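Here's the structure we're looking at; comments come further down.
Every number in this text was worked out from the coordinates using simple rules, so none of it is lab data. On a predicted model such as this, the values are computed, not experimentally measured, just so you know. Please note: Cβ atoms are built from the backbone with ideal geometry, for glycine as well, and neighbour counts cover all protein chains shown.
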Amino acid sequence: MKKLPLPPVRRLVAQALEEDLAWGDITTDTLIEPSWRARGRIEAQAKGVLAGVEVAGLVFQTVDPDLEYVAALADGQRLDRGSLIATVAGAAASILKGERTALNFLQHLSGIATATASHVEVLAELETRLVDTRKTLPGLRLLQKYAVRVGGGHNHRMHLGDGVLIKDNHLALLRARGIGMSEAVARAKAQAPHTVRVEVEVQSLEELQEAIAAGADIVMLDNMGVEEMERACELAQGRCLLEASGGITFEKLRYVAGTGVDMVSLGRLTHSVQALDIHLELEPA
């Protein structure tokens, strides 16, 4: 699992704090004396997989470099209800000002890691990979895709320059001008860097055969049924990688993977995941 690159994460943390603190913290500034000290315990309130513990630490250290943040667990570790994740000690006002932002990152990223891990467990003993999509919250893609990796999943494209994916709208525009799938794939392979793979989205077995004949490296099977995916795997015969996508529920995941597809992509890992319940208990020092 790759570590997070600090410069962009620091920028994300700064933006999140600006969102919350640009006009100050009226409650804390009014009621809490700057000299008061406190110690906070960050604990899990539900079972799951931890992600974002370092990001939470960056939040507190950005608010106040004198805060002492100590992680008790590392990203990727399993959480039980009551598990101690980290402690933070120092100026009580500083802890209060960073609390919500730190927990927002922890809860959201741990929710993604937890959901990903539960899906990965369904695929145990199968060779099918679970991958995410670009259906991420604006500005948070780096962290969300990191959380997917923490949960045992894999990343699809990080951005539009990270691979060629010829989708239905591309093909519709090209076909309107007399350019078919074969020519589209040929153009992509001729103009893209040689290290970049070309993927084509198809919605039928006929389009799959056309994509294979065109030389596509990966074919996305869009909203196909299980039986149709099984037939697709028979037709492909390993000549390209097959990605299943669209309408794949948690209950269907094992059946889809059992067809023999190489990967299953799920947008819900990032765009609509449930946050993991994590809280901070603060005590006077």
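What number, in percent, do you get for the relative contact order of the chain if the mean sequence gap of Cα pairs under 8 Å and at least 6 apart is divided by its residue count?
Answer for the chain is 23 percent.
Return the sequence-ordered ³J(HN,Hα) values of the range 272-285 in whole Hz as given by the Karplus equation 6.51 cos²θ - 1.76 cosθ + 1.60 applied to θ = phi - 60°, using x for Gly and Pro.
Residue by residue, the range 272-285 yields 8, 6, 7, 5, 8, 6, 9, 9, 10, 9, 9, 10, x, 6 Hz.
Starting from the range 8-94, pick out the chymotrypsin sites (Phe, Trp or Tyr not before Pro) whose DSSP state is loop and whose Cβ has at most 15 other Cβ atoms within 10 Å. Walk me through the numbers before you get to the answer.
Details: sites: 23, 36, 60, 69; in loops: 23, 36.
Answer by residue number: 23, 36.
Taking θ = phi - 60°, what integer Hz values does the Karplus form 6.51 cos²θ - 1.76 cosθ + 1.60 yield along the range 84-91, in sequence order, with x for Gly and Pro?
After applying 6.51 cos²θ - 1.76 cosθ + 1.60, I find 7, 9, 6, 10, 9, 9, x, 4 Hz.
Taking Cα atoms, how many degrees apart are the long axis of helix 92-122 and the longest axis of the chain, rounded to 10 and kept between 0 and 90?
So the inclination is approximately 30 degrees.
Considering only DSSP states other than H, G, I, E and B, which trypsin sites (Lys or Arg not before Pro) in the range 250-285 qualify as loop sites with at most 10 other Cβ atoms within 10 Å?
Hits after loop and neighbour filter: nothing returned.
Give me the compactness ratio for the range 146-187, meaning the Cα radius of gyration over 2.2 N^0.38 Å.
Taking N as the residue count of the range 146-187, the ratio is 1.64.
What do you get for Rg/Rh of the chain when both radii come from the Cα atoms and Rh is the Kirkwood radius? Intermediate results must be reported in sequence, preceding the final value.
Numbers: Rg = 22.9 Å, Rh = 21.0 Å.
We get a ratio of 1.09 for the chain.
Starting from the exponent 0.38 and prefactor 2.2 Å, build the expected Rg for the range 1-90 from its residue count and divide its actual Cα Rg by it. It would help to have the intermediate numbers written out before the result.
On the way: Rg = 14.6 Å, N = 90, 2.2 N^0.38 = 12.2 Å.
Here the answer is 1.20, to two decimals.
Do the sum for the chain: with -39,500 (n - 2.57) for every DSSP H run of n ≥ 4, divided by all residues, what is the mean residue ellipticity at 222 nm, to the nearest 500 deg cm²/dmol?
Calculated from helices alone, the mean residue ellipticity at 222 nm is -13000 deg cm²/dmol.
Based on the Cβ-Cβ distance of residue 77 and residue 122, what FRET efficiency does E = 1/(1 + (r/R0)^6) give at R0 = 35 Å, to the nearest 0.05?
The calculated FRET efficiency here is 0.95.
Relative to the first principal axis of the alpha-carbon coordinates of the chain, what is the inclination of helix 181-191, with its axis defined by its Cα atoms, in degrees from 0 to 90 and to the nearest 10?
60 degrees
Hey, what angle do you get for helix 141-150 against the long axis of the chain, alpha-carbon based, 0 to 90 degrees rounded to 10?
Taking Cα atoms only, the helix is inclined about 90 degrees.
Can you quote the Å³ per residue value for the convex hull of the Cα atoms in the range 163-266, rounded to an integer?
93 Å³
So what does log10 I(q)/I(0) come out to for the range 26-147 at q = 0.11, 0.13 Å⁻¹, using the Debye formula with one equal point on every Cα and no solvent?
-0.44, -0.58
Sort out for me the Cα centre separation of the range 95-136 from the range 21-87, rounded to whole Å.
For the range 95-136 versus the range 21-87, the Cα centre distance is 19 Å.
Given an 8 Å cut-off on Cα distances and at least 6 residues of separation, report the relative contact order of the range 163-266 as a percent.
Values: 159 pairs, mean separation 22.7, N = 104.
Contact order relative to length: 22 percent.
Where the Cα atoms of the range 34-87 are projected onto their three principal axes, how long is each span, largest first, in whole Å?
Extents along the principal axes: 36, 18, 13 Å.
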